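Some notes on the structure that comes next.
The values are calculated or read from the model by the stated rules, or taken from the named source; none is laboratory data. Quick caveat, the model's predicted, so the values are computed rather than measured. Here the Cβ positions follow ideal geometry from the backbone for every residue, glycine too, while neighbour counts run over all protein chains shown. To get the accessible areas, we keep the full protein, side chains included, count just its heavy atoms, and leave off ligands, DNA and RNA. Shrake-Rupley method; radii C 1.70, N 1.55, O 1.52, S 1.80 Å.
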Amino acid sequence: MNTASIKMSNKTAGKIGLFGAMSVIIGGIIGIGIFFKNNNIFHNNNNNATGILLSWIITVLIALATAYSYGEIVSAKDKNANSGLGGWTNKFAGNMLGRFVKINQPYFYYAVYVFCASIFAAEAVANIFVAKPGNLGSIQMWHIVLIGLAIAALFLVTNTFCSGLNRNFSKVTSPIKFIPLFVVILLGIIFGLIYGKHNLFIQQSSYNGDPSGSLTINGIFMSMPAILFALDSFLVVGNIAGDVKNPKRNVPLSIILSMVLSGTVYILITIGQICTGCGNAYDVIRYVFGQGNNPGTISAGGHACLIIISIFILIAIFGVINSLAMGCVSGSNAAVEENVVIGSKTLKRWGNGHKNLSGAIAGSIVVGSLYIIIGIPSMVLDNDQLVDGLSNIVVLFFFVIYGTVAIASAINRRTKRVTGLVQSKGQVWVAWFAGIGCIFIALYAMIYTNLYDPIVHPLKPNKSWGLFLNDKYTLNKMASAFFFWILGIIFIATPFINDLLIKKFNPKYNQPYIWERVK
């Protein structure tokens with residue numbers, strides 16, 4: 001082997017290829033939303049089969065268009081290979097939005113996502129040990145919060161000190177998580193057609209007895225934030241781009257292929273659930289083994305199958321948390337290394353030169369804070385409504401950024417602000433569609449779901465949030481809207497407060513602040 005080959009071999013040693021990059025992305029996408037969130041989508045659409053399908057198809061198309069747009073965006077080089085979305089945003093949309101993302105993505109997005117996903121994982125753990133998987137009425141929220149905290153800590157620690165092991169974990173869990181998906185798809189479609197009793201394509205009531213209503217535009221649009229949650233995390237690979245072989249080729253290709261695969265599987269599993277009138281995977285199994293009867297009766301074999309499916313779902317969710325924790329640690333570390341966040345010098349000192357430790361400490365502080373700020377109120381409510389709502393809202397905010405950057409990339413074709421890109425065919429038109437679609441979903445959620453509707457029906461229970469646990473203290477629409485707008489204010493204000501603190505305590509800071517324009 002010649003010297004050049006040895007150097008190239010050393011340079012790529014330990015790095016992941018296309019399959020590894022896809023495993024990280026699929027690990028972050030598939031595992032929670034499709035298993036748990038369809039109940040809310042069924043509810044929003046009054047169990048109307050056409051409305052449910054349209055919600056998924058339209059949102060999947062917008063998400064696919066967004067992912068395709070990033071095939072060109074991610075080919076832009078950045079001095080920090082792992083800066084991900086923040087680096088790309090800075091190049092295409094300028095310093096203000098770029099710095100905004102560099103601060104908010106690791107701490108307002110990945111940290112929040114790790115918190116929410118670990119709570120959902122804790123519920124998946126509980127599903128294995130309760131008498132009726134999918135119905136956690138016997139479990140209290142404080143149990144879930146404690147289990148979730150342990151899960152979050154586990155994956156943050158292992159992604160800091162055993163990152164290579166965790167990437168191999170993604171390669172293993174990504175294929176495994178398709179097992180429960182294909183089981184639900186096949187059983188749902190086949191037995192939904194055989195029994196037909198609660199097939200929402202032809203019948204007027206769901207498996208749980210809720211009637212099927214008419215198609216409504218509001219139902220379709222109100223469902224989109226939850227679906228975006230199920231389709232998000234496709235950019236997680238951007239935060240480990242420096243660890244990917246041939247990133248200029250493999251990063252964009254892995255994003256596009258992973259989204260096409262995930263979107264197709266999601267629509268198929270939704271069809272299977274519609275055929276059985278069931279909004280979650282657990283009820284599909286009950287439907288099949290209960291021969292289409294009403295809930296409550298299931299054979300011993302059916303219960304065993306539920307436990308097995310619950311274990312596979314838990315593995316799938318662990319894969320999601322692993323990818324999210326990977327993004328949280330890497331993204332946070334990139335922000336610290338670039339001195340973007342307040343306290344970067346102190347965090348570097350705490351990290352003591354260990355790769356990713358500084359970022360892991362910062363990310364862990366935020367995740368731990370969320371367990372206090374959101375976890376304690378959730379224990380008081382004894383349900384997961386705040387956690388579920390938080391997951392939808394944060395994803396919604398970031399899809400606005402995804403769409404804005406996509407539009408900026410389309411404009412770049414004319415302005416040539418960023419050069420040396422691998423140009424994608426049809427990217428301009430797709431980027432405009434993606435950008436307008438992402439922004440429209442957010443505007444609808446702002447204006448109708450969280451402004452008009454709460455004013456008209458302030459005390460009406462918000463049944464669009466919450467996966468499991470009792471609904472004794474269900475949030476009303478006014479309280480949910482208040483939560484939404486408070487998060488919006490925090491989301492916008494955090495980067496400005498960060499830079500004001502840096503300006504006050506570090507007068508020698510040599511980077512442009514968020515309010516400064518850079519030519």
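Which of the residues belonging to the range 45-72 are open to solvent by 20 Å² or more (accessible area, probe 1.4 Å), under 19 Å from Leu253 (Cβ atoms) and of a type in the set (A, V, I, L, M)? It would help to see each step written out before you state the result.
Restricting attention to the range 45-72, the residues satisfying the condition of being open to solvent by 20 Å² or more (accessible area, probe 1.4 Å) are 46, 48, 50, 53-54, 57-58, 61, 64, 68.
After this cut, where a residue has to be under 19 Å from Leu253 (Cβ atoms) as well, the list is 64, 68.
The answer is Leu64, and nothing else.
For the range 494-517, give me each residue that is open to solvent by 70 Å² or more (accessible area, probe 1.4 Å) and polar (S, T, N, Q).
Listed by number, the list holds a single entry, Asn510.
Do you know which residues across the range 243-301 are modelled with pLDDT of 80 or more, open to solvent by 20 Å² or more (accessible area, probe 1.4 Å), closer than 20 Å to Pro180 by Cβ and among the aliphatic types (A, V, I, L, M)?
Leu261, Ile267, Leu268, Ile271
Tell me, yes or no, whether the range 133-140 has at least one residue that is touching a Gly at 6+ places or on another chain (Cβ under 9 Å), surrounded by fewer than 24 Cβ atoms within 10 Å (Cβ to Cβ) and at pLDDT 75 or above. Spell out how you get there, then give the answer.
Restricting attention to the range 133-140, the residues satisfying the condition of being touching a Gly at 6+ places or on another chain (Cβ under 9 Å) are none.
Within the range 133-140, not a single residue is touching a Gly at 6+ places or on another chain (Cβ under 9 Å), surrounded by fewer than 24 Cβ atoms within 10 Å (Cβ to Cβ) and at pLDDT 75 or above.
Could you pull out the residue among Phe201, Phe129, Phe161 that is modelled with pLDDT under 85, open to solvent by 40 Å² or more (accessible area, probe 1.4 Å), over 30 Å from Gly87 (Cβ atoms) and of a type in the set (Phe, Trp, Tyr)? It would help to see each step written out before you state the result.
On the way: Phe201 fails: modelled with pLDDT under 85; Phe161 fails: over 30 Å from Gly87 (Cβ atoms).
None of the other options fit; the residue is Phe129.
This table checks each residue for (1) among the small types (Gly, Ala, Ser); (2) out of contact with any Asp or Glu (no Cβ under 6 Å at 6 or more places or on another chain); (3) under 16 Å from Thr173 (Cβ atoms); (4) open to solvent by 10 Å² or more (accessible area, probe 1.4 Å).
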| residue | (1), (2), (3), (4) |
| --- | --- |
| Ser310 | yes, yes, yes, no |
| Ala316 | yes, yes, yes, no |
| Cys328 | no, yes, no, no |
| Val340 | no, yes, no, no |
| Gly343 | yes, yes, no, yes |
| Leu347 | no, yes, no, yes |
| Gly351 | yes, yes, no, no |
| His354 | no, yes, no, yes |
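Looking only at helices (runs of 4 or more DSSP H) that fall completely inside the range 413-519, which ones have 1 or more residues that are over 21 Å from Asn44 (Cβ atoms)? Break it down into steps so the answer makes sense when it comes.
Details: elements: 427-444, 453-456, 477-505.
Here the list reads 427-444, 477-505.
Scan the range 93-118 for residues that are farther than 19 Å from Leu396 by Cα, hydrophobic (A, V, I, L, M, F, W, C) and buried (at least 24 other Cβ atoms within 10 Å of the Cβ) and report the count.
Here the count works out to 0.
Any residue in the range 463-477 that's farther than 15 Å from Trp142 by Cβ: show its pairings with residues that are crowded, with 22+ Cβ neighbours inside 10 Å and modelled with pLDDT under 75 at Cβ separation under 7 Å, as long as the two are six or more apart or on different chains.
Leu467/Phe36
Could you tell me which of the residues Ser323, Ser409 is under 22 Å from Ser233 (Cα atoms), within 18 Å of the chain's Cα centre (by Cα) and polar (S, T, N, Q)? Step through it out loud before you land on a result.
On the way: Ser409 fails: within 18 Å of the chain's Cα centre (by Cα).
The conditions single out Ser323.
Are there any pairs with C-beta distances below 6 angstrom linking a residue in the range 243-265 that is in contact (Cβ under 8 Å) with a residue 60 or more places away in the chain to a residue that is buried (at least 21 other Cβ atoms within 10 Å of the Cβ) and aromatic (Phe, Trp, Tyr), with the two at least 6 apart or on different chains, and if so which?
As it stands, the answer is Ile255/Tyr70; Ile255/Phe234; Ile256/Tyr68; Met259/Phe234, since those pairs meet every condition given.
Would you mind stating whether Ser409 is part of a loop (DSSP other than H, G, I, E, B) and either among the small types (Gly, Ala, Ser) or touching a Gly at 6+ places or on another chain (Cβ under 8 Å) (or both)? Give the derivation first.
Values: part of a loop (DSSP other than H, G, I, E, B): no; either among the small types (Gly, Ala, Ser) or touching a Gly at 6+ places or on another chain (Cβ under 8 Å) (or both): yes.
The answer is no for Ser409.
For the range 369-386, give me each residue that is among the small types (Gly, Ala, Ser) and in contact (Cβ under 8 Å) with a residue 24 or more places away in the chain.
Here is the first cut: in the range 369-386, the ones among the small types (Gly, Ala, Ser) are 369, 375, 378.
Those that are among the small types (Gly, Ala, Ser) and in contact (Cβ under 8 Å) with a residue 24 or more places away in the chain: Gly375, Ser378.
Ile32 fails exactly one of the following numbered conditions: (1) modelled with pLDDT under 90; (2) open to solvent by 10 Å² or more (accessible area, probe 1.4 Å). What is the number of that condition?
Single failed check for Ile32: (2).
Taking into account only those residues within the range 460-473 that are in contact with a helix residue (DSSP H, G or I) (Cβ under 7 Å, 6 or more places away or on another chain) and open to solvent by 40 Å² or more (accessible area, probe 1.4 Å), which is modelled with the highest pLDDT?
Quick first cut of the range 460-473, residues in contact with a helix residue (DSSP H, G or I) (Cβ under 7 Å, 6 or more places away or on another chain) only: 460, 462-469, 473.
Going one step further and asking which of them are open to solvent by 40 Å² or more (accessible area, probe 1.4 Å), we end up with 460, 463, 473.
Numbers: Lys460: 92, Lys463: 82, Tyr473: 73.
Only one residue fits best here, namely Lys460.
Here are some conditions: (1) closer than 25 Å to Ala442 by Cα; (2) surrounded by fewer than 24 Cβ atoms within 10 Å (Cβ to Cβ); (3) modelled with pLDDT under 80. Asn239 meets all but one. Which one does it not meet?
The number of the failed condition is (2).
If we scan the range 411-424, do we find a residue that is modelled with pLDDT of 90 or more, surrounded by 12 or more Cβ atoms within 10 Å (Cβ to Cβ), out of contact with any strand residue (DSSP E or B) (no Cβ under 8 Å at 6 or more places or on another chain) and farther than 22 Å from Thr59 by Cα?
yes
What's the number of the only condition in (1) under 27 Å from Leu149 (Cα atoms); (2) surrounded by fewer than 24 Cβ atoms within 10 Å (Cβ to Cβ) that Ala121 fails to meet?
(2)
Mind telling me which of the residues Val366, Val400, Val395 ends up being part of a helix (DSSP H, G or I), open to solvent by 30 Å² or more (accessible area, probe 1.4 Å), closer than 24 Å to Ala67 by Cα and touching a helix residue (DSSP H, G or I) at 6+ places or on another chain (Cβ under 7 Å)?
Details: Val366 fails: closer than 24 Å to Ala67 by Cα; Val395 fails: open to solvent by 30 Å² or more (accessible area, probe 1.4 Å).
Result: Val400 is the single residue among Val366, Val400, Val395 that is part of a helix (DSSP H, G or I), open to solvent by 30 Å² or more (accessible area, probe 1.4 Å), closer than 24 Å to Ala67 by Cα and touching a helix residue (DSSP H, G or I) at 6+ places or on another chain (Cβ under 7 Å).
Have a look at Gly188, Gly192, Gly148, Gly196 and point out the one that is in contact with a helix residue (DSSP H, G or I) (Cβ under 9 Å, 6 or more places away or on another chain) and on the phi > 0 side of the Ramachandran plot.
Numbers: Gly188 fails: on the phi > 0 side of the Ramachandran plot; Gly192 fails: on the phi > 0 side of the Ramachandran plot; Gly148 fails: on the phi > 0 side of the Ramachandran plot.
The unique qualifying residue is Gly196.
Identify, by number, the condition in (1) modelled with pLDDT under 85; (2) in contact with a helix residue (DSSP H, G or I) (Cβ under 8 Å, 6 or more places away or on another chain); (3) not in a helix (DSSP H, G or I) that Val340 doesn't meet.
(1)
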